[in-house]
1. When you scan region 226-238, do you find a residue that is out of contact with any Gly (no Cβ under 9 Å at 6 or more places or on another chain) and at pLDDT 80 or above, even just one?
2. Report yes if Ala56 is at pLDDT 85 or above, touching an Asp or Glu at 6+ places or on another chain (Cβ under 9 Å) and among the aliphatic types (A, V, I, L, M), otherwise no.
3. Could we say that Arg124 is at pLDDT 75 or above, closer than 23 Å to Phe176 by Cβ, among the basic types (Lys, Arg) and open to solvent by 20 Å² or more (accessible area, probe 1.4 Å) here?
4. Across region 218-229, what is the number of residues that are open to solvent by 10 Å² or more (accessible area, probe 1.4 Å) and not in a strand (DSSP E or B)?
5. If a residue must be open to solvent by less than 10 Å² (accessible area, probe 1.4 Å) and outside any loop (DSSP other than H, G, I, E, B), how many such residues does region 198-217 contain?
6. Tell me the residue from Ala232, Ala187 that is under 21 Å from Leu11 (Cα atoms) and assigned to a helix (DSSP H, G or I), please.
7. Kindly check whether there is at least one residue in region 135-147 that is touching a Cys at 6+ places or on another chain (Cβ under 8 Å), open to solvent by 40 Å² or more (accessible area, probe 1.4 Å) and either at pLDDT 85 or above or more than 27 Å from Ala241 (Cα to Cα) (or both).
Amino acid sequence: MMETSHILIFLVTGIGVGFAGGLLGVGGAFIMTPVQYIIYTAMGIPADTAIKMAFATSMLIILPTAASGAWRHMRKGAVWWRAAFIMGVCSLAAAFGGASLATHLPGAGLKLAFGAVVLTSAIRMLIVRINEEEEKPKDNVWLWIVWAIPVGFITGLLGIGGGVLVVPVMVLALNFRIHSAIATSLAMMIFTSTGGVIGYIVNGMGVAGLPSHSLGYVYLPAWLMLAATSIAMAQLGAIAAHRLPAMRLRYIFTAVMFYMGLKMLGVFDFL
């Protein structure tokens, strides 16, 4: 059973999740997942179930938060909706498959896999030189699909919105400018998170050990509290993103990726 302190922690966490989402085009799972995992295990929920609940609930929070941030970026004209829709639809189906597989895998392995993928992407973002002015984004539907399917699968598998993977792909492989990549990533996450959430709900129905008020692996009380503060803060994060220079925004995003990757690999616990 949740305590008052847990409720306050969820509300404060939602503030950070929403701002990070709007600012960096990510779902905020790097904040939500560890917090939820700690609270769920403190509630007496087994660790393997707790990590899957954290993944599932995070994905449902990402849905309205991404929509809120995308709407604000759209008002700035930064969202490329054609790319977001095509990549989003493809990643939705892949995310459902990834989420379905995740429910049958050990949680510890999922954490390590996620950390390795994110850390590799962060290193790539840091060392590759990006020309923001001369190259135009690649308008190639088949190339979008080729990237969207594996990104969607990994997103569903690891319970994330996908921005931490989508933004590097858009910047490094598709030549998106950083502001456009962040904005379009949020719009794409509306689709991706939908597929992942459905997978975690369907495969979590009837699973023993889940607390009351759960919808599959989604824990609705936590979702309500995290979403209550994250949706509004996504607006402020999106506004802040357009006031930062592209290079500074890229370095902030890369720093967050390094933190997330090291956290999921357990480096900080080891130290």
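The values are calculated or read from the model by the stated rules, or taken from the named source; none is laboratory data. Because the structure is predicted, anything quoted here is derived from the model rather than measured. Cβ: placed from backbone, ideal geometry, glycine included. Neighbour counts: every protein chain shown. Accessible surface areas use protein heavy atoms only, side chains included; no ligands, DNA or RNA. Shrake-Rupley method; radii C 1.70, N 1.55, O 1.52, S 1.80 Å.
1. If we filter region 226-238 for residues that are out of contact with any Gly (no Cβ under 9 Å at 6 or more places or on another chain), which is where we start, we get none.
Checked region 226-238: no residue is out of contact with any Gly (no Cβ under 9 Å at 6 or more places or on another chain) and at pLDDT 80 or above.
2. Values: at pLDDT 85 or above: yes; touching an Asp or Glu at 6+ places or on another chain (Cβ under 9 Å): no; among the aliphatic types (A, V, I, L, M): yes.
For Ala56, the condition - at pLDDT 85 or above, touching an Asp or Glu at 6+ places or on another chain (Cβ under 9 Å) and among the aliphatic types (A, V, I, L, M) - is not met.
3. Details: at pLDDT 75 or above: no; closer than 23 Å to Phe176 by Cβ: yes; among the basic types (Lys, Arg): yes; open to solvent by 20 Å² or more (accessible area, probe 1.4 Å): yes.
In short, no.
4. Let us first name the residues in region 218-229 that are open to solvent by 10 Å² or more (accessible area, probe 1.4 Å), namely 219-221, 223-225, 228-229.
After this cut, where a residue has to be not in a strand (DSSP E or B) as well, the list is 220-221, 223-225, 228-229.
The qualifying residues number 7.
5. First, the residues of region 198-217 that are open to solvent by less than 10 Å² (accessible area, probe 1.4 Å): 199-200, 204, 216.
Next cut, outside any loop (DSSP other than H, G, I, E, B) only: 199-200, 204.
The number of residues fulfilling the criteria is 3.
6. Details: Ala187 fails: under 21 Å from Leu11 (Cα atoms).
None of the other options fit; the residue is Ala232.
7. Applying the first criterion (touching a Cys at 6+ places or on another chain (Cβ under 8 Å)) to region 135-147 yields 144-145.
This time we only want the ones that are open to solvent by 40 Å² or more (accessible area, probe 1.4 Å), so: none.
Among the residues of region 135-147, not one is touching a Cys at 6+ places or on another chain (Cβ under 8 Å), open to solvent by 40 Å² or more (accessible area, probe 1.4 Å) and either at pLDDT 85 or above or more than 27 Å from Ala241 (Cα to Cα) (or both), which makes the answer no.
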